[in-house]
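What follows is a set of notes on a single structure, which appears directly below.
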Amino acid sequence: MGRDPLERLRAANPQPELPAPGSPELVRRLIDDGHAPLLVSYRAPARKVGLLIAVTLIALLALATLALAATGVILTGAPVRPEEVLNPSVGLGVPAPGASQLLPLRVPDPAGGPPWGMRVVSTTRGEVCVQIGRVQDGQLGELGIDGAFHDDGRFHPIPVDALPRDEFHHRAFDSLLGSATVSCHLAGQAVAGEHVGVSPSAAAETRRLPGAVGGLRDLLYGMLGPQAVSVGYREDGREHTAPVLAPIGAYLLVLPTRPHQQVGYGDEALGSDGDLAPGPPLTTITYRIDGRICRRAPSEPPWIHRHLADACPWPRFPRSRQPIRELHEPLHVRLLVSHGLVTAAQLTFAAPYAVTSAREHYIVSVPSVPCKAQAGASSGSQETSARNIARGAALAWRLPDPFANVCRGRAAAIDVWYEPYPHGRVLVGAATIELPPGTHPQPSPRPPRRRLRGGRRR
């Protein structure tokens, strides 16, 4: 793969050995190398004054570039472009004014260069997003290496509104709410997450070959709340302990990706303060609960017991779920038919509750009716609202393939739920739809066949 990306970064930002600042030897060397003009005291003709000023400005710029290189500072490039235009009342919302903070965590990279850092961004819809990148001059950013930013070797600042696409809310539970180095969760939740196999550039888009693990990083991060004290993890066959940043319990670990490790994915464990258990590669989380230091180990099945001398008390989970309330609100469904095929269903209803943040949303569910041979294969499809909604507002959903989850028969069900986290769910209403006589469900589109090497298809 050629030189290491950080070696290419150093090559793009050379650091020459210069004499002492302001010394005559430094001035002579700069003049001999053509980096500064030899200014002679004479009266220049008027037509040459502009040229002289231009040459002087170029010389000053060259001096500034050399000074930056001598101090090891990487030149700054264009800022990272956000993935999409944000709306304060839709999806994640927008960064709330004055509610973003670059934490004082500075973690060295295994190969050197600017350290890694973490920024916490609170949004107008009650989301807390964690941005991870390299840090220079108090700015969080990405490096132009490893194929990112055309390998320009520069530092590219990350704006606070560079948040991930809100795919989670648009199509429930289909994807992790995050990207290569950014993830979001609800305010007040404790979180322990990881981004596995990240480029040392900290950029999402690179030109890495599939399966190329060398030089990648595993980012372990979290915000465990004010009761957290430290986290334990295992690296190179040894146990390590890292303190967390009070009072939010934040931590950031940067580890080399191991050979043969699956890369290119992220995961988060969510819980409440003091109750969140660690997951691999974390081995323990140390808390201070009711004034006593204790530890939690990874969750295990009930028949497996892991003995800790200073184990924390049993998590304070609710003993029983609240009964589901049912409102029986009317749902209006209209089938869209074209040439004898049902192409979609148009659902409308009035919102009985207001939605003011990402902690509340409506879910439209089309449960499946599986065959015996497919029992348990699918629970149906779900879509969720991703915006603020006024109480009593008319809501409309277009449901493609409403009969796709029905194995036999000509009827399908539609359920609408209201879910105010963490207070359970409310069944707003339910409806049953039937295929009109003489119509059939529209066939589901087949996934595109992938062309393999040698011209074969599958």
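The values are calculated or read from the model by the stated rules, or taken from the named source; none is laboratory data. The structure displayed is predicted, hence computed values, not measured ones. Don't worry about glycine lacking a Cβ; one is built from the backbone with ideal geometry, like all the others, and counts go over all protein chains shown.
Does residue 108 meet the test of being under 19 Å from residue 199 (Cβ atoms), modelled with pLDDT of 95 or more and either surrounded by fewer than 18 Cβ atoms within 10 Å (Cβ to Cβ) or over 18 Å from the mean Cα position of the chain (by Cα) (or both)?
Numbers: under 19 Å from residue 199 (Cβ atoms): yes; modelled with pLDDT of 95 or more: yes; either surrounded by fewer than 18 Cβ atoms within 10 Å (Cβ to Cβ) or over 18 Å from the mean Cα position of the chain (by Cα) (or both): yes.
Yes: the conditions hold for residue 108.
Every residue, every condition in (1) over 32 Å from the mean Cα position of the chain (by Cα); (2) modelled with pLDDT of 90 or more; (3) farther than 26 Å from residue 130 by Cβ; (4) surrounded by fewer than 13 Cβ atoms within 10 Å (Cβ to Cβ), yes or no:
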{"residue": "265", "(1), (2), (3), (4)": "no, no, no, yes"}
{"residue": "276", "(1), (2), (3), (4)": "no, yes, no, no"}
{"residue": "291", "(1), (2), (3), (4)": "yes, yes, yes, yes"}
{"residue": "298", "(1), (2), (3), (4)": "no, no, no, no"}
{"residue": "305", "(1), (2), (3), (4)": "yes, no, yes, yes"}
{"residue": "314", "(1), (2), (3), (4)": "no, no, yes, yes"}
{"residue": "323", "(1), (2), (3), (4)": "yes, no, yes, yes"}
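Checking each residue in the stretch 97-120 for being under 20 Å from residue 187 (Cα atoms) and assigned to a loop (DSSP other than H, G, I, E, B) picks out only 103.
What are the residues in the stretch 411-434 that are among the charged types (D, E, K, R) and touching a Pro at 6+ places or on another chain (Cβ under 9 Å), if any? Break it down stepwise before answering.
Within the stretch 411-434, the first condition is being among the charged types (D, E, K, R), and the residues that meet it are 415, 419, 425, 434.
If the condition is that a residue be among the charged types (D, E, K, R) and touching a Pro at 6+ places or on another chain (Cβ under 9 Å), then 415 is the only one that fits.
Taking the criterion of being within 25 Å of residue 412 (Cα to Cα), hydrophobic (A, V, I, L, M, F, W, C) and at pLDDT 85 or above, the residues of the stretch 350-385 that qualify are 350, 351, 363, 364, 366.
Of the residues 200, 259, 247, which is within 17 Å of residue 118 (Cα to Cα) and exposed (fewer than 13 other Cβ atoms within 10 Å of the Cβ)?
On the way: 200 fails: exposed (fewer than 13 other Cβ atoms within 10 Å of the Cβ); 259 fails: within 17 Å of residue 118 (Cα to Cα).
That would be 247, the only listed residue that is within 17 Å of residue 118 (Cα to Cα) and exposed (fewer than 13 other Cβ atoms within 10 Å of the Cβ).
Check whether at least one residue in the stretch 229-241 is of a type in the set (A, V, I, L, M, F, W, C), modelled with pLDDT of 90 or more and either assigned to a loop (DSSP other than H, G, I, E, B) or surrounded by fewer than 16 Cβ atoms within 10 Å (Cβ to Cβ) (or both), and report yes or no.
Restricting attention to the stretch 229-241, the residues satisfying the condition of being of a type in the set (A, V, I, L, M, F, W, C) are 229, 231.
In the following step, the residues that additionally are modelled with pLDDT of 90 or more were identified as 229, 231.
Pick out the ones that are also either assigned to a loop (DSSP other than H, G, I, E, B) or surrounded by fewer than 16 Cβ atoms within 10 Å (Cβ to Cβ) (or both) and you get none.
No.
In the stretch 388-405, how many residues are modelled with pLDDT of 90 or more and under 13 Å from residue 432 (Cβ atoms)? So the answer is 0. Contact map, the stretch 433-452: first residue part of a loop (DSSP other than H, G, I, E, B), second residue at pLDDT below 65, Cβ cut-off under 6 Å, separation 6 or more or different chains; pairs are 449/457. Here is the figure for the stretch 250-262: residues that are of a type outside the set (S, T, N, Q) and over 19 Å from the mean Cα position of the chain (by Cα) total 4. The residue pairs whose first member lies in the stretch 74-85 and is closer than 12 Å to residue 156 by Cα, whose second member is β-branched (Val, Ile, Thr) and assigned to a loop (DSSP other than H, G, I, E, B), and whose beta carbons are closer than 8 Å, counting only pairs six or more residues apart or on different chains, are 79/158; 80/158.
Against the condition out of contact with any strand residue (DSSP E or B) (no Cβ under 7 Å at 6 or more places or on another chain), of a type outside the set (Lys, Arg), modelled with pLDDT under 85 and over 17 Å from residue 119 (Cα atoms), how does residue 215 come out, does it pass? So residue 215 does not fit the description; no. Outside any strand (DSSP E or B), at pLDDT below 85 and surrounded by fewer than 19 Cβ atoms within 10 Å (Cβ to Cβ): does that describe residue 408? It is true that residue 408 is outside any strand (DSSP E or B), at pLDDT below 85 and surrounded by fewer than 19 Cβ atoms within 10 Å (Cβ to Cβ). Taking the criterion of being assigned to a strand (DSSP E or B), of a type outside the set (Gly, Ala, Ser) and either within 18 Å of residue 217 (Cβ to Cβ) or in contact with a Gly (Cβ under 8 Å, 6 or more places away or on another chain) (or both), the residues of the stretch 121-137 that qualify are 123, 127, 130, 131, 132, 134, 135, 136. All told, residue 92 falls short of being under 23 Å from residue 384 (Cα atoms), crowded, with 22+ Cβ neighbours inside 10 Å and modelled with pLDDT under 90. When the stretch 390-405 is filtered for residues that are out of contact with any Leu (no Cβ under 9 Å at 6 or more places or on another chain) and either over 21 Å from residue 335 (Cα atoms) or surrounded by fewer than 16 Cβ atoms within 10 Å (Cβ to Cβ) (or both), the ones remaining, listed by number, are 390, 391, 392, 393, 394, 400.
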